[in-house]
Amino acid sequence: MRAAVRQFFDRNGVGLGLFMLLGVTFWILVLIVLPQLTMVDFSFRHNLPPARVGGPEDVYTLTNYEYFLRGHPGNPDGYNRVDLGVFQRTLVAAVFVTVLNFVFCYPFAYYLAQVATGAWARMLALGLVVPYWINEILRAFAFRVIFGDAGLINTTLKQVGLIEVSIDFIRADVALYAGLGYAYVLLMIFPLYSAIESLDRNQIEAARDMGSPWWRIHWRIVMPFAKPGIVSGCTMVFMLSAGALAAPQILGGPSSLWFTQIIYQSFFEYFNWQRGAAYAIILLASCMVIVLGLMRLFGVKMGEIGR
C-alpha cells in the first residue's frame, strides 16, 4: 500500500497528487456518501409538519417501507399493487433496454476495435460522440416526433403502403425503449471497445485458420476476453435506465409509469420526502443487488471492471 502511494506521488508530483486525492475524496464524501446517508435517515422518519420535526413524534420507523409492500392501511389487496407493479415493470424494462443495447452495440464496438483503422475509425468515433452534444431532453422530444402518430416512421410507412392507420408507438412503449437505448449507447460501446481493442488479433486469426465459425470465435474468444467491458457497459446502462426520469415522462405512454416518476411525485407533488427517500433507497439497493449478483454469476470482480 505504501509503495503504491509513493509511486502515485512520484508519477504525479506532490502538488497534483494531493489535489487529485482531495478532489476525489470531496466528490465521494460530499456528493455521494453524505447525500445517500441523508436519504437513508429520511427513509426511516415520519412525514411530519416542520413544527413537529425534532419532537417526540420524530422517531425512526419502518412505515415508509411497509407502505411500499402493503399500501394504505386496510388495503383489501393485502399488498401495494400499483407501486410493486411499477417497480417490477421498471426493473424488467431496464433489463430489456440493457440487453437491447448490448445486442446492437457489440457488433459496432467489435468493428471499431478490430476492423476499422485510421481515419475511418476516427470518423466513426466522432459520429458517435457528436449527436450527444445535443441536450438529452431535446433528443427525447426528437424521438417523440419521430415515433408520433404523424411522425417520420408512420408517415414513411403510409407512403410506401405498408400501413393505413398510424401505429401508436408511444402507447406500445417502442419510443420509450428506443429513446432509453439511444441515450446510453456510448456507455455501452466504449467499455466494449476498450476491452475488445486490447485483444490480440492473432488469436482471432488462429481460430479462423483452424476453421472455427464466426459465432464460435465471438462466443469462445472475444466475449470471454471482453467480459469486464461487457459487465461494465451493462451495469451503467441498467442502472441509468432503471433510474431514468426525463425519457419515461416524455416518451412513455399512459400505462408506462416508471418507478422514478413515483419517487418524483412523492418528493415534489405530495411533499412526502420520507416516502420518496425510502422508495429511492429501495430502487438503489435492488439495482445494486442485481448488478452484484450478475457479477458473481459471470465471475467478474470489481477490480476487473475498473481496469
Rounded FRET efficiency, nearest 0.05, which uses the C-beta distance separating Phe102 from Ser286 and R0 of 30 Å
0.90
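Can you sort Arg2, Arg122 by how many other beta carbons sit within 10 Å, fewest first?
Numbers: Arg2 6, Arg122 11.
Listed from fewest to most nearby Cβ atoms, that is Arg2, Arg122.
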Springs between alpha-carbon pairs under 10 angstrom, Gaussian network model over the chain: which of Val165, Val92, Val237 fluctuates most?
Val165
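Which GluC sites (Glu not before Pro) in the range 125-197 pass both tests, a DSSP loop state and at most 12 other beta-carbon atoms within 10 Å? Please list the in-between numbers first.
Details: sites: Glu136, Glu164, Glu197; in loops: Glu164.
Hits after loop and neighbour filter: Glu164.
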For the pair Thr155 and Met20, what calculated FRET efficiency results from E = 1/(1 + (r/R0)^6), where r is the Cβ-Cβ distance and R0 = 51 Å, to the nearest 0.05?
0.45
Point-to-point label distance, Ser166-Asp41, nm (Cα→Cβ direction, 7 Å offset):
5.1 nm
The alpha-carbon center of the range 102-181 and that of the range 1-74 are separated, in whole Å, by 37 Å
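Counting chymotrypsin sites (Phe, Trp or Tyr not before Pro) as exposed when in a DSSP loop with at most 16 other beta carbons within 10 Å, what is the longest stretch of the chain free of them?
Between exposed loop sites, the widest span is 80-269.
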Isotropic mean projected area of the C-alpha convex hull, the chain (nm²)
24.8 nm²
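Provide, as a two-decimal number, the C-alpha radius of gyration of the range 65-169 over 2.2 N^0.38 Å, N being how many residues it has.
On the way: Rg = 21.5 Å, N = 105, 2.2 N^0.38 = 12.9 Å.
Cα-based Rg divided by the globular estimate yields 1.67.
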Simple spin-label model, 7 Å along Cα-to-Cβ: Gln265 to Arg201 in nm?
5.5 nm
What does the charge count around Arg70 come to, taking other residues whose C-beta lies under 11 Å from its C-beta (Lys +1, Arg +1, Asp -1, Glu -1)?
-2
Simple spin-label estimate for Leu138 and Leu34 in nanometres, 7 Å along Cα-Cβ
3.5 nm
Which net charge results when you count Lys and Arg as +1 and Asp and Glu as -1 among the other residues whose beta-carbon is under 14 Å from that of Ile153?
0
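The numbers here are math on the coordinates, done by the rules we state, and not lab data. These numbers were taken from a predicted model, which means no experiment stands behind them. In this analysis, Cβ positions are derived from the backbone assuming ideal geometry, glycine residues included, and neighbour counts consider all displayed protein chains.
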